[in-house]
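The values are calculated or read from the model by the stated rules, or taken from the named source; none is laboratory data. The structure displayed is predicted, hence computed values, not measured ones. Because the Cβ atoms are built from the backbone with ideal geometry, glycine has one as well, and the counts that use them run over all protein chains shown. Quick note on the areas: whole protein, heavy atoms, side chains included, nothing else; ligands and nucleic acids left out. Shrake-Rupley method; radii C 1.70, N 1.55, O 1.52, S 1.80 Å.
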Amino acid sequence: SKLEGLPLCYTLEGCRGKPGDGYRCKTAAAVGGTCAGYRLPTDLEWELAARAECAKGLCGSLDGVARWKGNANSSPGPVANHKPNRWGLFDTLGNVWEWVWDGRRDVPLPASDVENEASNSSLRTLRGCSFTTRLGQCRLDARRHESPSYIEYDVGFRVVRTAPKKR
């Protein structure tokens with residue numbers, strides 16, 4: 001967001017290190033779901049984008065759409081090495097787990113609450129699956145919950161921007 005002159009979607013405090021090289025902040029707070037800059041998707045936004053109107057747990061063969069334990073050779077792969085979903089998005093399933101902004105909840109966030117994305121949970125949500133995920137566990141409805149400070153070689157993120165309102 002900063003590089004493109006867009007509004008910043010988070011306020012960060014107590015940061016040290018350099019981005020991409022041990023950068024850590026004590027707190028990160030979202031400005032809100034309508035921020036015009038780059039941000040993590042909410043759980044519901046991730047779900048809608050990844051499913052691309054597919055109602056099943058998997059659209060197509062797993063080998064065709066995802067890098068998972070059965071075809072990954074123990075490592076992540078280049079982006080866009082598999083078929084995109086119906087909306088042209090690559091790697092929404094497989095390769096790496098993706099952080100979303102939401103905290104842990106027992107039920108999905110209702111569409112009416114999409115701007116109220118953060119919960120009171122100290123655990124944050126990861127979506128999709130990764131190159132380490134076994135057959136049967138790599139599905140569009142897969143979720144994990146970890147501490148926000150969790151770092152692992154099979155975890156990444158995808159940023160989104162809020163679409164401008166039509167006038």
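Among the residues of the range 28-36, are any under 25 Å from G136 (Cβ atoms), assigned to a loop (DSSP other than H, G, I, E, B) and hydrophobic (A, V, I, L, M, F, W, C)?
No; the residues of the range 28-36 include none that is under 25 Å from G136 (Cβ atoms), assigned to a loop (DSSP other than H, G, I, E, B) and hydrophobic (A, V, I, L, M, F, W, C).
Mind counting the residues in the range 1-23 that are of a type in the set (S, T, Y), without any contact (Cβ under 8 Å) to a residue 24 or more places away in the chain and not in a strand (DSSP E or B)?
Summing the residues that are of a type in the set (S, T, Y), without any contact (Cβ under 8 Å) to a residue 24 or more places away in the chain and not in a strand (DSSP E or B) in the range 1-23 gives 0.
Pull out all pairs, ordered by first then second residue, where Cβ-Cβ is under 9 Å, the residues are six or more apart or on different chains, the first lies in the range 108-137 and is of a type in the set (D, E, K, R) and open to solvent by 40 Å² or more (accessible area, probe 1.4 Å), and the second is modelled with pLDDT of 90 or more and not in a loop (DSSP other than H, G, I, E, B).
D113/L44
Collect the residues in the range 23-48 that are polar (S, T, N, Q) and either loosely packed, with under 15 Cβ neighbours inside 10 Å or out of contact with any strand residue (DSSP E or B) (no Cβ under 7 Å at 6 or more places or on another chain) (or both), keeping them in residue-number order.
T27, T34
Return the only residue of C35, C59 being farther than 30 Å from H82 by Cα and not basic (K, R).
Going through C35, C59 in turn, the sole match is C35.
If a residue has to be among the small types (G, A, S) and open to solvent by 50 Å² or more (accessible area, probe 1.4 Å) to count, how many in the range 1-13 make the cut?
Within the range 1-13, residues that are among the small types (G, A, S) and open to solvent by 50 Å² or more (accessible area, probe 1.4 Å) number 1.
Name the single residue that is surrounded by the most Cβ atoms within 10 Å (Cβ to Cβ) among those in the range 74-101 being in contact (Cβ under 8 Å) with a residue 24 or more places away in the chain and of a type in the set (S, T, N, Q).
N95
Condition (residue is touching a residue at least 60 places away in the same chain (Cβ under 8 Å), under 28 Å from C9 (Cα atoms), under 16 Å from the mean Cα position of the chain (by Cα) and in a loop (DSSP other than H, G, I, E, B)) applied to the range 45-66: is it met by at least one residue?
Within the range 45-66 (the criterion being touching a residue at least 60 places away in the same chain (Cβ under 8 Å), under 28 Å from C9 (Cα atoms), under 16 Å from the mean Cα position of the chain (by Cα) and in a loop (DSSP other than H, G, I, E, B)), the answer is no, since none of the residues qualifies.
Taking the residues in the range 5-35 that are more than 18 Å from the chain's Cα centre (by Cα) and small (G, A, S) as candidates, determine which candidate is nearest to P164 (Cα to Cα).
Per the stated criteria, the residue is G5.
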